[in-house]
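Written below as structure tokens is the structure these notes are about.
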Amino acid sequence: MEAAVETASALARAVDTRTVDTDPAVDEDSFFSTADGRTTVANRYDLEKAVPVAKRAHFREVTRYWVNKPYAFVVIFHSVKENEKKYYLVEPHVSEIEADLEDFLTRKLKTAIKYSSDEAAVEGSDADRGGVIEAETARLLDRYGLYDGSIAGAGESGVIARLKRALGMGAEGGDGDEERVGNLDGIAARPEATVLEEDATELSEYQVEKLLYRLKRDFIGYGRIDGIKHDVNVEDISCDGYNSPVFAYHSDREQLITNVYHGEDELDDFVVKLAQRSGKGISKRQPQVDATLPDGSRAQLTLGYEVSDHGTNYTIRQFKDVPFTPIDLINWGTFSLEEMAYIWLCIENNKSMLFAGGTASGKTTSLNAVSLFIPSKAKIVSIEDTRELEIPQRNWVASVTRPSFSADDAGDVDEFKLLEAGLRQRPDYILMGEVRGEEGRTLFQVMSTGHTTLTTFHADNVGEVIKRFTTAPINVSKTLFTALDLVSIQTATRVRGKKVRRNKGLTEINYYDAENDEINVQDVFQWQAETDEFLRMGTSTTLEEVKFDRGWDEERLSSELFRRKVVLAYLIDRGLNTYTEAAATLQAFINDPETILGLIANDRLVESLEDLRGMESVLIDTDPAAEAMVPRPDPGEELRNLTQAILEEADDRLFEEYRQQATPQLTAALADGGEASETRRSSSGERSESDGGRDDTVTDEHGSDAAAGESEPVTRDDNRKPGAGTETDEPAGTDPGAENGE
């Protein structure tokens, strides 16, 4: 009996040291199952094979999630021994026979595809090219006597036997009883004995399916890092040189070392392949290339030792298929709810804004998010060197720079040329991805003529923004600089030990003081690092200008701010945070605020989202699978309390009048928002006294006939803004509790 206990203890110790220490809270049967109940291609066996035996004893699972189900998942471990986090990409493990077969098929596929007459192999979508890979693989297997029909339907006497003969393994094999496998959407469970035996003299249909996945990954995807490319939590992917691991910048965990390595020749080939897929060339003569990958990601590529001591390296900045929204920025605490309502009203009323900050501080993310506040009736022109912006408005010209194809730079199209061309397209809003050089001077001239501009800039504070713009090489005059309205300073910092992004401050650019040769600025909001709060600093000159331009009184200005706070609070409170839900609601409100407030007051917004999405002036076409992978944040308890307080206030101040009115049919209302709003206000006898009966919507800033599509730019005095320097009371509709963004 004592011997049995000792044996059991020894076995338990062996299992503990030789198997991965996983999270006991994870239901592995559920995790490794597809929606139809089949076992995933990558499973627990592959996880055990991914972690070296020597590391299993001191690795503790932190979290795991699928990045490309059912083929690849990620496990983040904490190494007790090294006291650091590790990023492990787990894909189907390949045995010796599978590796030989993969090399065999890869060589033959390269030749077959090279001379293929199928246009889909070169110009088709990923799905088309995947079909070509499958067809060519089937053709090659048939040609070499390795395949006689469906991969899932062959047994030992068919494809398995012929594969073994082709690879010199002889005709002997197993009993041929392996469970048959379906298509790549899901497979039946493999017999565990076969899995653990790992007998190189046998192949299963499961293994053939697995090889097909790896062939597609290498020919169509991004090879070894394809799984990391699928991870929506990863912002950057980099390899620093030969014999260096791949690093992943995780949105929650920051820089993590991965288990992915490239061989020297493989790394060179991979970088050349990335350059070619981006339409660029890289060589010893031109060893560095900035490229845009087919999925929109930015890549910096370096080949060989010419300019790098560690050899070939690359850095890829991931492109988000589905952008983040203002709701996400509020939930993260990057901006407070009150700040976001303020920004919304300013952008909707043609105020120019610049997002400044350091690298990876969230400038472009914020720019993309607040672009949802641009009215869909406005014409938008965007200018970028690498495509990053993604907005729903249909009336949008997306311009991207193009380098020269010759050594003398002839034929290059830079930001300056795109900006000149953009002005001829009569835009209402200009979105510039980033200002770097002399194009900034032209951009400020554009602002001064009434073209609303949103852009980003590398600077850590407002003083540095002003200094860099008003000195060489940009040299914007201080008088011209006052055409800018708002500056947001963003930073990546830590709050309670966690890496976060925060808007350090919102600053208004007021006027140029010629006597002191200074630009007068005023902070409207500031972030307090000690308490992680956003404080309102005083009266907003920009809002005074909006009030002046719109002909509003203080009560109307307060009401407009409050209505936008209510919409944002409702979306947060109801958990309507997907891109489709946020974009459709915000754009519909800008088009017809009365209808949206009526839907909110009657709690009918959710059931109307599909109708809102159908507006012709916007195109909201997100992939549900991609949306499901986006790591959208949830609001904290303090923010939930704030949104509930705002909605309770709206219940008393705002909703009652809408509950007494019948909400119009959305199709008719959104087809012509102005008429729908005017019709209901007329029928209820309500007209705004402060604007003499003008339309309550604020979408037509230029006083034009919206139906005719006519608009003229607003020109203002660069040295003076209406309301500058005046003292006013805090708008009655502002909620002091909204200062906190958590």
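Where a number appears in this text, it was derived from the coordinates with a stated rule and is not lab data. Keep in mind that what you see is a predicted model, and the values were worked out from it rather than measured. Glycine also receives a Cβ, built like all others from the backbone with ideal geometry; neighbour counts cover every protein chain displayed.
General observations
- Rounded FRET efficiency, nearest 0.05, which uses the C-beta distance separating residue 254 from residue 530 and R0 of 22 Å: 0.45
- Neighbours of residue 434, meaning other residues whose beta-carbon lies under 14 angstrom from its beta-carbon, give a summed charge of -2 when Lys and Arg score +1 and Asp and Glu score -1.
- Coarse-grained scattering of the range 325-367 at q = 0.17, 0.24, 0.32 Å⁻¹, given as base-10 log I(q)/I(0) from a Debye sum over alpha-carbon atoms: -0.48, -0.92, -1.22
- Amide proton proximity set for residue 453, modelled H, under 5 Å, gap of 5+: 352, 353, 430
- Residues whose amide H lies under 5 Å from that of residue 495, counting only those 5 or more places away or on a different chain, are 500; hydrogens are built 1.01 Å from N in the peptide plane.
- Residues residue 616 and residue 656, FRET efficiency given R0 of 45 Å [Cβ-Cβ distance, rounded to 0.05]: 0.85
- Between the range 42-65 and the range 328-398, the alpha-carbon centres lie 41 Å apart.
- A crude spin-label estimate for the pair residue 31 and residue 499, with each label 7 Å from Cα along the Cβ direction, gives 2.3 nm.
- Cross-link pairs 320/417; 351/565; 280/379; 69/498; 85/498 - those with Cα-Cα distance over 21 Å: 320/417; 280/379; 69/498
- Amide proton proximity set for residue 618, modelled H, under 5 Å, gap of 5+: 394
- What separates the Cα centres of the range 552-606 and the range 432-458 is a distance of 30 Å.
- Pair residue 438, residue 426: separation of 7 Å Cα→Cβ label points (nm): 3.0
- When each of the peptides 586-593, 474-481, 371-378, 388-395 is scored by how many other beta carbons lie within 10 Å of its residues on average, the order from highest to lowest is 586-593, 371-378, 388-395, 474-481.
- Distance violations [Cα-Cα > 20 Å] among 55/81; 49/86; 108/229: 108/229
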